[in-house]
Every structure is written in C-alpha cells, then in structure tokens.
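Taking it in order: structure first as structure tokens, then the write-up.
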Amino acid sequence: MRILLIGASGTIGKRIYDALSPKHEVVRGGRSGADVEVDITDNLSIEDMYHAVGDIDAVICAAGPAKFGPFSEMSEDDMYVGIRGKMMGQVNLVRIGQKYLNDGGSFTLTTGILADEPVPGSVGVSLVNGAVNSFVVAAAQELPRGQRINVVSPTVVADSAEMYADFFPGFDPVSMDRVVNGYVKSVMGRMTGKIIRVI
Ligand SMILES: NC(=O)c1ccc[n+]([C@@H]2O[C@H](COP(=O)([O-])OP(=O)(O)OC[C@H]3O[C@@H](n4cnc5c(N)ncnc54)[C@H](OP(=O)(O)O)[C@@H]3O)[C@@H](O)[C@H]2O)c1
C-alpha cells in the first residue's frame, strides 16, 4: 500500500511511520524535513502536495495545530489557530484529497479525548476535535469511489504524558502501541465513518 502520512515527524506520527513503513511505502509529509512539504493551513500547499505525491491508497493526518488557553483570555485569533489548523486543515486534506485518492482508499484523521472530556484551557481544542469527529461521520456518507474515512481520538499518549501532566490531571496515559493500532485498524480494515477512541 502507498500511504501519505502528514505530521510524520511528530510524537504520534513518528510511531505510525515506524509501524507501517516495514510493510508499506510511507510518504512523509510536513512543513519541514519531510519527503513532501505541506502546510495543511494552506489549500495551495495541499493541492501541490497531492500533485507531487501521485498515486495514494491511504492518507493519515497526525498533524493538528490548535491553541490551549483559558477561555476568558482566548482572542478570536487564538480560536482560529485550531479552526484553520486542526479543523479546516484536516477537512481540506479530505475535501481536496478525494479527487486524488485511489478507489477504495482511506483517510484517517486525528482528534483527541478533549472532544468528550474537556479540561480547563481546552476550549479551543475541544471545539475543533468535536467538529472533526462530526465531519468524519458525515463525510463518510459522501466520499466517492468507495473511499473510506475515520478519525483516531486518543487520550494523552504515554510519550507525551510528562509534557501534558499539568493539563490532564488524573488521566491515564495510553500506550503508543494502542494509539498506533487505531490508525492501523482504520487503514487496513473496512470500517468507515468511525470515531476510533483510544482511551
Ligand atoms: N500527544 C498526545 O498526547 C495527543 C493526544 C491526543 C491527541 N493528540 C493529537 O494528535 C495530533 C498529533 O499530536 P503530536 O503530539 O504527535 O504533535 P507534535 O509532536 O507536535 O507533531 C505535530 C506534527 O504535525 C506537523 N505539523 C504541525 N503543523 C503543521 C501544518 N500546519 N502543516 C503540516 N504539518 C504540520 C509537525 O511537523 P512540522 O512542524 O515539520 O510541520 C509534526 O510532524 C494533534 O492533533 C494532537 O492534538 C495528541
């Protein structure tokens, strides 16, 4: 399978790459140091990426910029970091990518537990996680040529637990192997329109 992995240099993306690359051709996407450069906040950049990459059976997005911060201090621009990044960045990867993805191919996006279990300071992230979850359920009904779409929604992952400890008091970190398996299940399986919660 030929798989395009956006956010491949990230905490989660690196581990998805390690799991899939022994058996599949994985093309890494990101803003720097990747096989193909892409900024998911820029539609032209997304279009250029799909042109450059060519034949693709699966797209995974493990990139999703969004801003944490107390709601009382969040400006509209702060909210738009997540709306332009994690929300519309992923929506546009699918909106544009449906023209390029092979018949029967799949999209796998990323949200997170904050859609369902917000914490103080997560309004800007919870908002877009919920939106992307709903987008995936709806888009699954309309994708052409047998294409599928799912979203992986992890709780805090073990590799980030220390960094996010203050934001997620009392949350049990999940192993990276379980998170990666959410992506593997989405890409290799037949499911569509699913929110794969890894908690
Ligand atoms: N870590 C966790 O515990 C956790 C838990 C639940 C959900 N999540 C979600 O999982 C996703 C990945 O998290 P992570 O911790 O792996 O993040 P990370 O370590 O910060 O990595 C982010 C990745 O996305 C790329 N990226 C960032 N902005 C981009 C843009 N505008 N266009 C294209 N690529 C971009 C980065 O590479 P470049 O900078 O080179 O572009 C990097 O490869 C996020 O949506 C996050 O909210 C994470």
Within the range 153-179, the residues that are in contact with a helix residue (DSSP H, G or I) (Cβ under 6 Å, 6 or more places away or on another chain) and more than 11 Å from the ligand (Cβ to nearest atom) are SER175
Some residue of the range 181-189 being under 15 Å from the mean Cα position of the chain (by Cα) and farther than 18 Å from LEU5 by Cβ: no
Residue check: is ASP159 more than 14 Å from the chain's Cα centre (by Cα) and under 21 Å from SER21 (Cβ atoms)? yes
Looking only at the range 122-139, decide whether some residue is of a type in the set (A, V, I, L, M), surrounded by fewer than 18 Cβ atoms within 10 Å (Cβ to Cβ) and assigned to a helix (DSSP H, G or I). yes
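Only the coordinates and a few stated rules stand behind these numbers; no lab work does. Owing to the predicted nature of the structure, the values given are computational and were not obtained by experimental measurement. Glycine gets a Cβ as well: all are built from the backbone with ideal geometry, and neighbour counts include every protein chain shown.
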